[in-house]
Amino acid sequence: MSEPITLRRFLTRHAEPGGLDPNLIFLIEDIASACRVIGNRLRNAAFEGNHGLAGDTNVQGEDQKKLDVIADEVFARICESSPRLAALVSEEREDAVWLKEPEGGDYLLFYDPLDGSSNIDVNLSVGSIFSICTVGADGDRDVLKAGRAQMCSGYAIYGPTMMLVLTVGSGVYGFSCEYGTGDFRLTHPRMTIPAETSEFAINASRYRLWDAPVRQYVDECLAGATGPRGRDFNMRWTASMVAEVHRILTRGGVFLYPADDGNRTAGGKLRLLYEASPMALLVEQAGGAATDGQTRILDIAPTGHHQRVPVILGSADEVTRLTDYHTTGATPAHS
Ligand code: AFP
């Protein structure tokens, strides 16, 4: 059996159409290096005294874990020397960090260095999410890009196997980190999300806070084979968006973090630029769909670096059904 190709070989020979800009390849390789380092720091966290809180809060008022801070520093340190990277926007930093005077065609990197970090101390899967856009014109310091402008997005998942999953705008590809060499090798070509699913993911403890369309949807799933959906549904919740999206890219499903009475004033729970948008691009590239309930996530015009949005993503049929419930409020026919 021939060896699966490396990330570099994929990016230089297998990306289409017409090949990728070498500076984009350098940046993606830097991101992969950062994720490899973060994976190692996670693995050794107990020995290095890096479990627990950092004792500070981030710009969004959330308690930072020591590893949130470490992962953010690793991302910035490794990526900032990438030749045409103009700016970084991180979950852990209030403002964009400009690395050079922006020129048209330079890159902007958005990242959540450690998503699902409340799972670290209980040793469950966490991840890093990233998104790359370009600077429009020389001197343009606008980093509020709609998701459809992304050139590339992806995540690293630190699970039983460390993986890097990405799209450069044409399909979704998963690379597993080989133990020993540390190489990311293509093990999951053309990941696709089936349109149909019988699995959903939502934090059900928020049931009392949900709007009617979400309650209706979940009630119907829970009613199972004798309810309006006519079949049984399974439920999963890992509290780590990377792990949820990875499961959906692997076997289908739908993930919801909707607007509810507890998060509506903030706009939702998940952040648009470095959580919802990159995941929405991956999900669409894999044949799924992503919406805030009314609007395609990739069409939302951002208004702030740390803007939050409601998120519903995954298997297209379920996302369409949920969008219908939100837009028409109609009680659907059996299916
Ligand atoms: P943390 O990074 O603070 O653990 O948040 C993770 C997250 O943003 C996302 O990855 C999960 O889907 C969601 O929050 C979990 O939210 P709940 O705490 O409501 O389960």
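Evaluating ASP219 against the criteria (1) closer than 25 Å to GLY116 by Cβ; (2) at pLDDT 95 or above leaves one unmet condition, (1). For the range 92-106, the criterion of being at pLDDT below 95, within 13 Å of the ligand (Cβ to nearest atom) and outside any strand (DSSP E or B) is satisfied by at least one residue.
Can you find a residue in the range 201-216 that is farther than 19 Å from ALA289 by Cβ and in contact with a His (Cβ under 6 Å, 6 or more places away or on another chain)? Scanning the range 201-216 turns up no residue that is farther than 19 Å from ALA289 by Cβ and in contact with a His (Cβ under 6 Å, 6 or more places away or on another chain).
A single member of ALA195, ALA212 is farther than 29 Å from ALA71 by Cβ, under 22 Å from the mean Cα position of the chain (by Cα) and open to solvent by 20 Å² or more (accessible area, probe 1.4 Å), and it is ALA195. Sub-9 Å Cβ pairs linking a first residue in the range 209-235 that is free of Cβ contacts under 8 Å to residues at least 60 places away in the same chain and in a helix (DSSP H, G or I) to a second residue that is open to solvent by 40 Å² or more (accessible area, probe 1.4 Å) and of a type in the set (Gly, Ala, Ser), at least 6 apart or interchain, are LEU209/GLY262; VAL218/ALA204; CYS221/SER198; GLY224/GLY230, ordered by first then second residue. In the set ASP30, ASP72, ASP112, ASP121, only one residue is farther than 26 Å from VAL168 by Cα, surrounded by 14 or more Cβ atoms within 10 Å (Cβ to Cβ) and touching a residue at least 12 places away in the same chain (Cβ under 8 Å); that residue is ASP121.
When we screen SER90, SER81 for residues that are open to solvent by 10 Å² or more (accessible area, probe 1.4 Å) and of a type in the set (Ser, Thr, Tyr), the only hit is SER81. Please indicate, with yes or no, whether at least one residue in the range 267-274 is away from the ligand (no atom under 13 Å from the Cβ) and among the aromatic types (Phe, Trp, Tyr). No: zero hits.
The residues in the range 180-203 that are part of a loop (DSSP other than H, G, I, E, B) and either within 20 Å of ILE28 (Cα to Cα) or aliphatic (A, V, I, L, M) (or both) can be counted, and the count is 9.
The values are calculated or read from the model by the stated rules, or taken from the named source; none is laboratory data. The shown structure was predicted, so the numbers you read here are calculated from the model rather than taken from an experiment. Cβ sites come from the backbone with ideal geometry, for glycine too, and all protein chains shown count toward neighbours. Heads up: the accessible areas ignore ligands, DNA and RNA and are worked out on the full protein's heavy atoms, side chains in. Shrake-Rupley method; radii C 1.70, N 1.55, O 1.52, S 1.80 Å.
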